[in-house]
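The values are calculated or read from the model by the stated rules, or taken from the named source; none is laboratory data. The model shown is predicted, which means the values in this text are computed figures rather than measured ones. Using ideal geometry, Cβ is built from the backbone for each residue, glycine included, and neighbour counts are taken over all protein chains shown.
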Amino acid sequence: MSFELEKKQKEIEELQTTIKELNDRLNDSEALKSNFISNIMNEVYNPFSSIISMADNIISLKKDNLDKAKSLAEHIYREAAQLDFHLQNIFTAATIEAGLEAIETSNVKVVNIHKNIISKLKFDIDKKGISLRDKIGKELVTGIYTDAKKLSLILLNLITNAIKNSPENGKIECIYGRVDDILNISISDQGPGIDMDEMDKIFDRFKRIDATINSVTGGTGLGLSVVKALIEIMNGNLLIINDKGTKVTLSIPCISMNQKGDNFEDDAILFDEEVF
């Protein structure tokens, strides 16, 4: 066999290997996307079906059964809140993918965003007996100038993850501070941590470390991919550390309200207090 013929045969074999690898990757990608879509449908349909069923039960109740109606209404609220959370992530992921997610800044008090999120998650916090400790720096009393919607979704995802990963009667700590024009946030839990070999997967919107639809933690798997993308859009940084649990730290550029010359009404501010 001539040298040229051997060379061509080798090139063909290398090309066949490359094509096979590409086909395998394509098949894996399609399988991941198919599972991702099934997972999202599951996370949307389940609470939606529950809401319809419980609302139907309320309609069927007798007039004197107020306690039962109240209990069902509370369940409806929780299911609706969970559905709203999943839809926020889905729609945000879609706008990020389309390149339509832009920064919209406004006057923001971090403490108000945090309190609103904790109020939404209070049932899950109480259910697991979690002790939540909040530290909000005094330098944030006057507020900052940032994107409230993005910051809210980032924190909702991170605190929700911390609750899911926490053991029964565990502790979660949320620390907020500002140094010059940088908002620094740290959220830590006492969960099992994240395997460093799996770190890349948690930021892939089509992958979950536990890919089964009915996994223990549930969710669409979009959370951290949305968080990372939003922080990048806001020109911030994200770091995840395994330290007797999981510690997520992020830094986001902002402008102090003192610099903007805006005035705020005084709200109740939390300083190093045990909330629950």
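Look through region 101-115, keep the residues that are touching a strand residue (DSSP E or B) at 6+ places or on another chain (Cβ under 6 Å) and of a type in the set (A, V, I, L, M), and return whichever of them is surrounded by the most Cβ atoms within 10 Å (Cβ to Cβ). The qualifying residue surrounded by the most Cβ atoms within 10 Å (Cβ to Cβ) is Val110.
Answer yes if at least one residue in region 51-62 is of a type in the set (Asp, Glu) and surrounded by 16 or more Cβ atoms within 10 Å (Cβ to Cβ), and no otherwise. Looking through region 51-62, none of the residues is of a type in the set (Asp, Glu) and surrounded by 16 or more Cβ atoms within 10 Å (Cβ to Cβ).
The listed residues are Lys128, Lys150, Lys135, and the only one of them that is more than 23 Å from Ser251 (Cβ to Cβ) and assigned by TED's automatic domain parsing to the domain that holds Ile240 turns out to be Lys128. Being among the acidic types (Asp, Glu), touching a helix residue (DSSP H, G or I) at 6+ places or on another chain (Cβ under 8 Å) and touching a residue at least 12 places away in the same chain (Cβ under 8 Å) is not true of Asp147. The single residue among Leu250, Leu239 that is within 16 Å of the chain's Cα centre (by Cα), among the aliphatic types (A, V, I, L, M) and either surrounded by fewer than 19 Cβ atoms within 10 Å (Cβ to Cβ) or at pLDDT below 90 (or both) turns out to be Leu239. Is there a residue in region 148-162 that is in a strand (DSSP E or B), at pLDDT 95 or above and crowded, with 18+ Cβ neighbours inside 10 Å? Looking through region 148-162, none of the residues is in a strand (DSSP E or B), at pLDDT 95 or above and crowded, with 18+ Cβ neighbours inside 10 Å. For region 86-112, taking the residues that are of a type in the set (D, E, K, R) and in contact with an Asp or Glu (Cβ under 9 Å, 6 or more places away or on another chain), the one that is farthest from Leu158 (Cα to Cα) is identified as Glu104. Among the residues of region 116-136, is any surrounded by 16 or more Cβ atoms within 10 Å (Cβ to Cβ), under 20 Å from Ser225 (Cα atoms) and hydrophobic (A, V, I, L, M, F, W, C)? The answer is yes; a qualifying residue exists. Could you go through region 198-209 and let me know if any residue there is in the same structural domain as Leu250 (by TED's automatic domain parsing), under 15 Å from Val111 (Cβ atoms), among the acidic types (Asp, Glu) and at pLDDT below 95. Scanning region 198-209 turns up no residue that is in the same structural domain as Leu250 (by TED's automatic domain parsing), under 15 Å from Val111 (Cβ atoms), among the acidic types (Asp, Glu) and at pLDDT below 95.
Restricting attention to region 83-108, the residues that are farther than 20 Å from Ala148 by Cα and not in a loop (DSSP other than H, G, I, E, B) add up to 2. You will find that of Asn184, Asn165, the residue that is of a type outside the set (Gly, Ala, Ser), surrounded by 18 or more Cβ atoms within 10 Å (Cβ to Cβ) and in the same structural domain as Asn242 (by TED's automatic domain parsing) is Asn165 and no other.
The residue of region 226-235 that is surrounded by the fewest Cβ atoms within 10 Å (Cβ to Cβ), among those that are touching a residue at least 40 places away in the same chain (Cβ under 8 Å) and farther than 15 Å from Ile159 by Cα, is Ile233. With respect to being out of contact with any strand residue (DSSP E or B) (no Cβ under 8 Å at 6 or more places or on another chain), among the charged types (D, E, K, R) and part of a helix (DSSP H, G or I), Asp64 falls outside the description.
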